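Peer 1: Following this message is one structure expressed as structure tokens.
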Amino acid sequence: MNYQVDREARMERFSGKGGWTYVHIPEIAPDPHAAFGWVTVSGTIDQLPITKRKLMPKGDGTLFLAVKAADRKKLKKEVGDHVVLKLYIDEHPEELTQELLECFAQEPPELLERFHHLNRFMKKTYLDQIYSAKTEEAKAERILKMLRDLEGKG
């Protein structure tokens, strides 16, 4: 696994009531193409698996990972404690996969052409929705929705 973060870090908390507990992640830069610069990561915190968590902007040009209360409880860790982070950027494909090309092959050719004429943001939005589905059934429904949208029937 190619980890972008593989180190020990101290958990901190934002000041004020309801302030989030977090770990500062300066190793990963904000994504200029994503909403708010968010970056999706997966990996482990002290060997506790985490999947598809968003790194959020801290306000100083760097990102942070919020550590949920349920995770802190499982880890038996609080603000000021150190955790071992192993994180990698969890990206969805930005190009059509073989699976999607096979779906397009069963449709009128103009649908694939319409997909190729979408701007980068719209393509990424569709692909992220499809590949973030938790089940194959949900994935299939999202593929069908994209195809109907491209037909103008969505």
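The values are calculated or read from the model by the stated rules, or taken from the named source; none is laboratory data. In this text, all values refer to a predicted model and were calculated from it rather than measured experimentally. When we count neighbours, we look across all protein chains shown, and the Cβ atoms used for this are built from the backbone with ideal geometry, even at glycine.
Peer 1: If you go through the range 117-132 one residue at a time, do you hit one that is small (G, A, S) and free of Cβ contacts under 8 Å to residues at least 40 places away in the same chain?
Peer 2: So far as the range 117-132 goes, no, none of its residues is small (G, A, S) and free of Cβ contacts under 8 Å to residues at least 40 places away in the same chain.
Peer 1: I'd like to know if the range 67-79 contains one or more residues that are β-branched (V, I, T), surrounded by 15 or more Cβ atoms within 10 Å (Cβ to Cβ) and not assigned by TED's automatic domain parsing to the domain that holds A9. Give the derivation first.
Peer 2: If we filter the range 67-79 for residues that are β-branched (V, I, T), which is where we start, we get 67, 79.
Filter once more, keeping what is surrounded by 15 or more Cβ atoms within 10 Å (Cβ to Cβ): 67.
Those left that are additionally not assigned by TED's automatic domain parsing to the domain that holds A9: none.
Scanning the range 67-79, I find no residue that is β-branched (V, I, T), surrounded by 15 or more Cβ atoms within 10 Å (Cβ to Cβ) and not assigned by TED's automatic domain parsing to the domain that holds A9, so the answer is no.
Peer 1: A further question on this structure: Do the conditions hold for L48, that is, is it in contact (Cβ under 8 Å) with a residue 24 or more places away in the chain, touching a strand residue (DSSP E or B) at 6+ places or on another chain (Cβ under 7 Å), in the same structural domain as L75 (by TED's automatic domain parsing) and not polar (S, T, N, Q)?
Peer 2: It is false that L48 is in contact (Cβ under 8 Å) with a residue 24 or more places away in the chain, touching a strand residue (DSSP E or B) at 6+ places or on another chain (Cβ under 7 Å), in the same structural domain as L75 (by TED's automatic domain parsing) and not polar (S, T, N, Q).
Peer 1: With small (G, A, S), out of contact with any Ser or Thr (no Cβ under 6 Å at 6 or more places or on another chain) and part of a strand (DSSP E or B) as the only criterion, which of G61, G43, G19 stands out?
Peer 2: Only one candidate passes the filter, namely G43.
Peer 1: In the range 70-81, is there at least one residue being within 23 Å of T40 (Cα to Cα), small (G, A, S), without any contact (Cβ under 8 Å) to a residue 24 or more places away in the chain and out of contact with any Asp or Glu (no Cβ under 6 Å at 6 or more places or on another chain)?
Peer 2: Yes: one or more hits.
Peer 1: Within the range 31-48, take every residue that is modelled with pLDDT under 95 and of a type outside the set (A, V, I, L, M, F, W, C) and give me the one that is surrounded by the most Cβ atoms within 10 Å (Cβ to Cβ).
Peer 2: That would be G43.
Peer 1: Restricting the search to the range 142-154, which residues are of a type in the set (D, E) and surrounded by 14 or more Cβ atoms within 10 Å (Cβ to Cβ)?
Peer 2: D149 - this is the single residue of the range 142-154 that is of a type in the set (D, E) and surrounded by 14 or more Cβ atoms within 10 Å (Cβ to Cβ).
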